[in-house]
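Note sheet for the following structure.
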């Protein structure tokens with residue numbers, strides 16, 4: 001594979017289960033090889049609504065035609081890095097009509113997926129206890145009624161059982177010094193999308209990491225996470241959040257990485273496209 005020019009991140013944390021980078025996603029994404037990401041999920045910036053930072057590089061500070069030109073570049077890059085027939089992005093956005101509603105907009109890349117999503121749904125994510133897990137039989141049983149009943153709920157055109165307050169800010173017990181995120185995406189939405197459109201150990205990508213919701217949920221779901229974040233305070237909070245709730249993850253799923261004294265962080269970013277994705281080695 002042809003190596004791309006070296007692209008430096010401002011800061012980073014890389015483990016065997018996730019890689020998060022601080023920097024402009026429009027620059028960092030160019031270092032990701034084509035057809036290497038299995039699934040993407042993110043909440044897009046809101047044109048003319050919220051301003052997440054004062055940076056000219058921040059998409060939320062673009063409006064009108066400039067916003068769509070800026071976003072189009074990122075969309076095309078996300079299409080490039082996603083595997084054929086996989087889902088380049090599962091975009092969660094909202095609009096206001098008679099009530100505040102969230103919409104999932106799915107985009108699929110043309111082509112044959114070398115690693116199609118398969119197998120039964122093994123958990124229910126949402127309000128209440130969900131279907132009876134005693135009905136679960138085997139992963140490939142077409143009469144696995146637990147999986148069927150979970151699918152029936154997820155296949156509903158309207159999800160009424162999303163826990164609105166179950167966000168990463170709530171789960172990680174923010175204190176007064178933590179950086180608030182004004183639009184945290186519900187973890188139920190992220191985890192349902194991950195279960196429906198990715199396989200265990202797949203790479204899940206977000207260009208707008210924020211405080212880490214998508215990457216955190218990916219790791220908790222047995223996947224590997226890759227995310228970029230421009231705002232330094234959000235990135236620092238994501239770094240903290242990735243080390244929380246470790247007890248809920250299998251022993252080898254998460255490794256807390258804190259910078260060691262005297263360590264040069266900004267210069268440790270992967271040098272090439274291969275380096276960035278290869279550092280997310282599949283679990284043994």
Open item on the list: Among the residues that make up the stretch 118-141, is at least one of them touching a strand residue (DSSP E or B) at 6+ places or on another chain (Cβ under 7 Å), assigned to a loop (DSSP other than H, G, I, E, B) and surrounded by 14 or more Cβ atoms within 10 Å (Cβ to Cβ)?
Closed with: no
Open item on the list: Can you tell me how many residues within the stretch 130-156 are under 19 Å from residue 193 (Cα atoms) and out of contact with any helix residue (DSSP H, G or I) (no Cβ under 8 Å at 6 or more places or on another chain)?
Closed with: 9
Open item on the list: Go through (1) part of a loop (DSSP other than H, G, I, E, B); (2) touching a residue at least 12 places away in the same chain (Cβ under 8 Å) for residue 150 and report which single condition fails.
Closed with: (1)
Open item on the list: So in the stretch 61-89, with the set limited to residues that are modelled with pLDDT of 85 or more and in a strand (DSSP E or B), which one is surrounded by the most Cβ atoms within 10 Å (Cβ to Cβ)?
Closed with: 82
Task: Count - residues of the stretch 222-245 that are in contact with a helix residue (DSSP H, G or I) (Cβ under 7 Å, 6 or more places away or on another chain) and surrounded by fewer than 21 Cβ atoms within 10 Å (Cβ to Cβ) - done: 1
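Yes/no matrix, rows are residues, columns are (1) within 16 Å of the chain's Cα centre (by Cα); (2) closer than 13 Å to residue 120 by Cα; (3) at pLDDT below 95; (4) surrounded by fewer than 19 Cβ atoms within 10 Å (Cβ to Cβ):
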| position | (1), (2), (3), (4) |
| --- | --- |
| 145 | no, yes, no, yes |
| 150 | no, yes, no, no |
| 157 | no, no, yes, yes |
| 178 | no, no, yes, yes |
| 193 | yes, no, yes, no |
| 207 | yes, no, yes, no |
Task: Pair list, Cβ under 6 Å, 6 or more apart: the stretch 101-116 residue over 11 Å from residue 39 (Cα atoms), other residue outside any loop (DSSP other than H, G, I, E, B) and modelled with pLDDT of 85 or more - done: 111/84; 112/84; 113/83; 113/84
- [ ] Select, from 173, 266, the only residue that is exposed (fewer than 15 other Cβ atoms within 10 Å of the Cβ), at pLDDT below 60 and within 25 Å of residue 60 (Cβ to Cβ).
- [x] 266
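In the stretch 99-117, how many residues are surrounded by 12 or more Cβ atoms within 10 Å (Cβ to Cβ) and within 15 Å of residue 159 (Cβ to Cβ)? Spell out how you get there, then give the answer.
Initial filter on the stretch 99-117 (surrounded by 12 or more Cβ atoms within 10 Å (Cβ to Cβ)): 102, 104, 106-109, 111, 113, 115, 117.
This time we only want the ones that are within 15 Å of residue 159 (Cβ to Cβ), so: 102, 104, 106.
Residues in the stretch 99-117 being surrounded by 12 or more Cβ atoms within 10 Å (Cβ to Cβ) and within 15 Å of residue 159 (Cβ to Cβ): 3 in total.
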- [ ] Name every residue in the stretch 11-51 that is in a loop (DSSP other than H, G, I, E, B) and at pLDDT below 90, in order of residue number.
- [x] 43, 44, 45, 46, 47, 48, 49, 50, 51
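The values are calculated or read from the model by the stated rules, or taken from the named source; none is laboratory data. Model, not experiment: these values are computed from the prediction. Don't worry about glycine lacking a Cβ; one is built from the backbone with ideal geometry, like all the others, and counts go over all protein chains shown.
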